[in-house]
Amino acid sequence: MAASFGSRAPHHGQRASNSSHGSSSASSAAASSSTTARSNGNASLGQNNRPKPPGSRRSVTPTSRAHSNASVDEVSGRVRVAVRLRPRNSEDLLLDADYADCVELQPELKRLKLRKNNWNSESYRFDEVFTDTASQRRVYEVVAKPVVESVLSGYNGTIMAYGQTGTGKTYTVGRLGKDDASERGIMVRALEDIISNISHASDSVEVSYLQLYMESIQDLLSPEKINIPITEDPKTGELSLPGATVVNVHGVDHFQELLQIGEANRHAANTKLNTESSRSHAILMVNVRRYVDGEDKEETNLQDRDQTDLPRSKPIPIVRKSKLLIVDLAGSERLDKSGSEGHLLEEAKFINLSLTSLGKCINALAENSAHIPFRDSKLTRLLRDSFGGSARTSLIITIGPSARHYAETTGTIMFGQRAMKIVNMTKLREEFDYESLCRKLESQVDHLTAEVERLEKLRENDKGKLERQLKECEDSFSGAETLMKRSEFLEKENDRLESEMKDILNELNRQKDQNGLMHNNISELQTHINYIQEQQRLEASTYQSVLADTTQMYEKKIAELMRQSEEDRSHAINVEEKLDHMKELFGDHQITIQQHEMKHCSYQKTLDGTTQMHEKKIADLMKQLEDEHGRFEAVEEQLDLAKKLLSDYQSSMQGQQEINELNMKLEKMHELHKEGAAELQLIKVECEALLHEKAKLTEDLHTMRERLLQEENHRKNIEDELIKVKKLVADNQKDQKEKQLDMKENVGKGSTPNGSNPLKETQSSQRTTIAKICEEVGLEKILALLASEDTDVQIHAVKVVANLAAEDIHQEKIVEGGGLHALLMLLQSSRNPTVLRVASGAIANLAMNELNQGLIMSKGGARLLANVASTTDDPQTQRMVAGAIANLCGNEKLHVMLKEDGGLEALLGMVRSGTNDVTAQVARGIANFAKCESRAVIQGHRKGRSLLMEDGALEWLLANNDCASTSIKRHIELALCHLAQNKDNWRDFMSSGAVNRMQRISVESSREDIRNLAMKTLKLFPTHQTDLYPTHQTDLHGV
């Protein structure tokens, strides 16, 4: 991709030279092109400023003020482009000795002349041309300061650096300059100007620091936040990044600390073109909020006051919200020059892809194309407002002087030339500060709301009281009707009882007359039966007293009933009066009741329940009356019995014993009946319990049957899927064998069709087959097959998982589906060498992701890998294990756990295999470990002697430094340089002679960046500060 971009650049350069840069008419042509672009509407990345019909234009400033003279706030401005030349380094001086200068600068004319050869050159004009001696301060004042001043005035701004890798973009933009303030980059200087020009009492400055790494937006201030989405407001079209960390900056020192944290978390790698090559696009977002005096906006304030009824004495405060983007793009690179491979190759692909998308958008804007492909990349979406939008944009392109990179330099220059044709319509981001107004009005609203709630509460209380009174009246009315009915019933019952009492009294009088006659008849026999007569008198007096007491009792009850009836009548009269009064109130509140009919539905339900309750009470009263009637009947029976006792006195004495016996028998039968009823109740309870238990057992049996059926179906499905996987793998193996035979035939013939690479075609075919298997079978079922007891099934499944883990899009699904845990369990339980080798390779692929590294260590992955390394002699298995541990060594947070779990010891122990592949992985792991450790020491996160020293890593590095393999030697040299940057390791370096080895590396290393790093490290040693090769010191400015 990088090669294709570079190959097109010369043609663009020729066309630009012939059209606008080949003669003195360059400025007029540029002016005419800018005029044409301005007249055509200046298409933006989001097509916001392209000509559209009225009403279809979408605003990109959702927070700007809606004034009647809003067009005054829009100012057109072309994208300003400056070019900066990197100084020559020793590699340029050495390799370009036979070449003439490729670039000639004419800063006084603001021109740059690019020589392809001695007779062919092209001239380009820029807004500013910086030589290799230009200071950081001058670059900032010319390129960035006008944008910063616009941001302070309320406009959005963008400052971006573009160029080939190793040409000084990060030095220009993101240099911290802690030791030397003159080397500070644009980021620090811009924030210093912003902070010095705001009011700390009312204004605020907030920053977010992000990186676009492999098309994934990550937070550099909170590394755990990855895959941050880009959201777009459907109404205003404004982009936002929800979840990104936003920090309120208090000062320049605070901002430098934030930048240092972000740079430590940014992805960087060592390539042939740059020792610390940025592998991601860094984006610094600065949001400035400033308050301005609103008196000069009196007319607008008056208009808004008429609409909002605000006091005229206090104008509405105005706040200006602006945003500054400072973008440090990753450098474009050719793969044949950078030497990127493996994961670095994937990173380079994503970098070149996003830069190509940006170039397409710049081309479309420069040519006034009808379609701007801003959605091809997240980078173009984030920069939509910077090119052709409403932001003021300055672009600085960095180039190198080497003729070896002529194509890349030409492509960079043409990118800047096309960007100069883009015109932005800057808009003032100014709005009324309704937030402070809202805070003032919210207190009043809260007070009024509390008052309204209090009045509503009083109203609800009054309403509740009225409803309760109405309910009481309704209850009283219904109770009054019940009492009236009861009173009538009691009156009838009273009349009946009075008539019955009269009959009883007449009967008693008659009995008295009969007793008198009987007394006259037996007077002659009185002397003989005195004793019997005395007994009769006693019995008669007893029954008479009982009868008198009973009569008095019923007379009292009748009197009470009469009195109660009178009270009920008076209460009924009072109730009728209240009812009349409530009817009047009901008439007054009839309208309110109609408005609350819906609420009364619930009250009606409660009223129905209350009515049922009162009906039950009335039924109970009726039952009580029936009981009283029964008692009256029982009294009549007692009276009849008394009559019978009086008449049959003599016979009663004999029958009393029989009655007593019958009563005793009746009581015994009653007790037996109670016991039988109790036993019957117990039997019913036990029967119900047995029935409930039977139902429960039946339900459990049904559930178990369903579960067994489900398990049987699941087992059958797994068997079917297993058969499919075996068939697909067998077909794949058959196809692979056929393709290998075809490849051998082609190799035997000496050529391949169309110049294709058979190995790449085979790998592509394998990935296609694996993807087909994953789609047909499903990832979850494939992961489930890892736990199969069949070894062949395990081998096929782990191969599929390993191939899927080689691609980033499948890694997250594998981890979420439990694939990582299953792979680690295979390392622990399996003894098959093929399973161990492929599982180790799959874990090595997963260990390339930082999140997966933490999971692997937390599940004991380093310990399991160390066990596999100690028990196997297979070089391929050892290479996979060493690669996995080497990837884990690239995470400084896991170093202590690696040491404790035996990962470092296992890594160094695998060199006994003697194979170059295993040794290369061991050297890479030690280099990664040393690099992360030295970075932590420099940043102050770690102190003390290196963990590698305890396991004898230094001795191994010194013993193998003269290895014939270039890759192994490069990793060993880097490891030694990084270990030497830790002062606590100097004693080991002095005693082992490693310092002499460092001196040899600074002179004999095949890589200039390693030689420079070695010389820079040697200067740190106290005994080697004055006599270490002064002639080899190189200016690292801009590299």
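The values are calculated or read from the model by the stated rules, or taken from the named source; none is laboratory data. All of these numbers come straight from a predicted model, not from anything done at the bench. Ideal geometry is used to build each Cβ from the backbone, glycine not excepted, and the neighbour counts take in all protein chains shown. The area values use the complete protein model at the heavy-atom level, side chains included, leaving out ligands, DNA and RNA. Shrake-Rupley method; radii C 1.70, N 1.55, O 1.52, S 1.80 Å.
Miscellaneous remarks
- When Ala802 is tested against the conditions (1) within 30 Å of Gly940 (Cβ to Cβ); (2) in a helix (DSSP H, G or I); (3) among the aliphatic types (A, V, I, L, M), the lone failure is (1).
- From the list Leu395, Leu353, the one residue that fits, being open to solvent by 40 Å² or more (accessible area, probe 1.4 Å) and closer than 27 Å to Met187 by Cβ, is Leu353.
- Any hit, segment 971-981, residues being without any contact (Cβ under 8 Å) to a residue 24 or more places away in the chain and assigned to a helix (DSSP H, G or I): no
- Residue in segment 110-120 that is assigned to a loop (DSSP other than H, G, I, E, B), modelled with pLDDT of 80 or more and crowded, with 16+ Cβ neighbours inside 10 Å present: yes
- Among the residues making up segment 1001-1010, those that are free of Cβ contacts under 8 Å to residues at least 60 places away in the same chain, assigned to a helix (DSSP H, G or I) and surrounded by 19 or more Cβ atoms within 10 Å (Cβ to Cβ) are Ile1001, Ser1002.
- Tyr531 being modelled with pLDDT under 75, touching a helix residue (DSSP H, G or I) at 6+ places or on another chain (Cβ under 8 Å) and more than 30 Å from Lys465 (Cα to Cα): no
- Whichever residue in segment 780-799 is of a type in the set (Gly, Ala, Ser) and not in a loop (DSSP other than H, G, I, E, B) and, among such residues, is farthest from Ala839 (Cα to Cα): Ala784
- Residue satisfying all of: in segment 466-506; in contact (Cβ under 8 Å) with a residue 60 or more places away in the chain and of a type in the set (Asp, Glu); farthest from Gln552 (Cα to Cα) among these: Glu467
- Count of segment 812-829 residues, restricted to those that are among the polar types (S, T, N, Q) and either in contact with a Leu (Cβ under 6 Å, 6 or more places away or on another chain) or outside any helix (DSSP H, G or I) (or both), is 1.
- Pairs with Cβ under 8 Å, 6+ apart, first in segment 814-832 and closer than 13 Å to Ile856 by Cβ, second among the basic types (Lys, Arg) and not in a helix (DSSP H, G or I): Leu820/Lys859; His821/Lys859; Leu824/Lys859
- Residue check for Lys427: closer than 30 Å to Phe126 by Cβ and open to solvent by 80 Å² or more (accessible area, probe 1.4 Å): no
- Residue within segment 379-400 that is in contact with a Phe, Trp or Tyr (Cβ under 6 Å, 6 or more places away or on another chain) and of a type in the set (Ser, Thr, Tyr) present: yes
- All positions within segment 226-239 that are at pLDDT 90 or above and closer than 21 Å to Val286 by Cβ: Ile228, Ile230, Thr231
- Tally, over segment 361-384, of residues that are outside any helix (DSSP H, G or I) and small (Gly, Ala, Ser): 3
- Close pairs (8 angstrom Cβ cut-off, 6 or more residues apart or separate chains): on the phi > 0 side of the Ramachandran plot in segment 104-127, surrounded by 13 or more Cβ atoms within 10 Å (Cβ to Cβ) anywhere: Lys110/Arg125; Lys110/Phe126; Lys110/Asp127; Lys110/Glu128; Lys110/Val129
- Listed conditions (1) part of a loop (DSSP other than H, G, I, E, B); (2) buried (at least 20 other Cβ atoms within 10 Å of the Cβ); (3) more than 42 Å from the chain's Cα centre (by Cα) are all met by Val129, apart from (1).
- Residue among Glu474, Glu431 that is modelled with pLDDT under 85, assigned to a strand (DSSP E or B) and not hydroxyl-bearing (Ser, Thr, Tyr): Glu431
Per-residue answers, yes or no, for (1) small (Gly, Ala, Ser); (2) open to solvent by 20 Å² or more (accessible area, probe 1.4 Å); (3) free of Cβ contacts under 8 Å to residues at least 40 places away in the same chain:
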residue: Val143; (1), (2), (3): no, no, no
residue: Ser153; (1), (2), (3): yes, yes, no
residue: Ala161; (1), (2), (3): yes, no, no
residue: Thr165; (1), (2), (3): no, no, no
residue: Asp219; (1), (2), (3): no, no, yes
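Conditions tested, residue by residue: (1) part of a loop (DSSP other than H, G, I, E, B); (2) aliphatic (A, V, I, L, M); (3) open to solvent by 30 Å² or more (accessible area, probe 1.4 Å); (4) at positive phi.
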site	(1), (2), (3), (4)
Met897	no, yes, yes, no
Cys932	no, no, no, no
Trp956	no, no, yes, no
Ala964	yes, yes, yes, no
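- Here segment 260-272 is the region considered, the condition is being closer than 18 Å to His343 by Cα and open to solvent by 50 Å² or more (accessible area, probe 1.4 Å), and the residue that is farthest from the chain's Cα centre (by Cα) is Lys272.
- Residue match in segment 168-175 (condition: touching a residue at least 24 places away in the same chain (Cβ under 8 Å), crowded, with 24+ Cβ neighbours inside 10 Å and of a type in the set (D, E, K, R)): yes
- First in segment 544-573 and under 23 Å from Lys512 (Cβ atoms) and assigned to a helix (DSSP H, G or I), second anywhere and open to solvent by 90 Å² or more (accessible area, probe 1.4 Å) and at pLDDT 75 or above, Cβ under 8 Å, 6 or more apart: none
- All positions within segment 966-994 that are open to solvent by 10 Å² or more (accessible area, probe 1.4 Å) and β-branched (Val, Ile, Thr): Thr966
- Some residue of segment 397-407 being assigned to a helix (DSSP H, G or I), at pLDDT 85 or above and touching a helix residue (DSSP H, G or I) at 6+ places or on another chain (Cβ under 6 Å): yes
- Of all residues in segment 855-881 being open to solvent by less than 40 Å² (accessible area, probe 1.4 Å) and touching a Leu at 6+ places or on another chain (Cβ under 6 Å), the one that is farthest from Thr915 (Cα to Cα): Met857
- Positions within segment 185-196 being crowded, with 22+ Cβ neighbours inside 10 Å and out of contact with any helix residue (DSSP H, G or I) (no Cβ under 6 Å at 6 or more places or on another chain), in sequence order: Val188, Ile194
- When Tyr406 is tested against the conditions (1) open to solvent by less than 20 Å² (accessible area, probe 1.4 Å); (2) more than 40 Å from the chain's Cα centre (by Cα); (3) under 22 Å from Asn274 (Cα atoms), the lone failure is (1).
- Residue ID - least open to solvent (accessible area, probe 1.4 Å), chosen from residues in segment 935-954 that are more than 20 Å from Glu905 (Cα to Cα) and not in a loop (DSSP other than H, G, I, E, B): Ala936
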